[in-house]
1. With the crude spin-label approximation of a point 7 Å out along Cα→Cβ, what separation in nm comes out for S25 versus S92?
2. What number comes out for the charge environment of G47, summing +1 per Lys or Arg and -1 per Asp or Glu over other residues with Cβ under 9 Å away?
3. Using a basic spin-label model with each label point 7 Å from the Cα along Cα→Cβ, how many nm lie between H35 and D64?
4. Along Cα→Cβ, 7 Å out, is where each label goes; now give me the distance between the ones at M49 and Q71 in nm to one decimal.
5. Given K55/K78; K55/K88; K26/K88, which pairs have Cα atoms separated by over 23 Å?
Amino acid sequence: MKNYHYSVVCSKTVRRSARYHTMFSKLEVNGDNAHPLYNFLKSEAPGIMGSEKIKWNFTKFMIDGSGKILQRFGSQTKPEEIEEHLLKLLSSTK
C-alpha cells in the first residue's frame, strides 16, 4: 500500500449568503504525482540527511518575499520554535 501525504492549498473563496467559505483541495507532496511546488521546495531545502521526501504532515518551509527558501522545519518542530526565525525574517524586510 502506497503511503500518501497531502498538503491542503486554498484554491478559491466562495460566497454563501453573507459568509465567505474557503474551498480547499488536496495535493500530493511525494511520489510521481507530487505537485511541482513541493518538488521545488524539497529540492531546494532537503530534509535530514539530504532526503527530499516529506515524511509526515506539518513539514514547514520558510520562504522570503522574493521566493527564496530560507529553511525547512520538520513536522516535530513546534510553531513556538520557529518564532525567532520569523521575527528575524520580518525585521529584515522593513
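What follows is calculated from the coordinates using simple rules that are stated; it is not laboratory data. Note that this is a predicted model, so its numbers are computed, not measured. Using ideal geometry, Cβ is built from the backbone for each residue, glycine included, and neighbour counts are taken over all protein chains shown.
1. 3.3 nm
2. Details: positive: K42, K53, K55, R72; negative: E52.
Neighbour charge sum, excluding G47 itself: +3.
3. Distance between the two pseudo-spin positions: 2.4 nm.
4. Roughly 2.3 nm, to one decimal.
5. K55/K88; K26/K88
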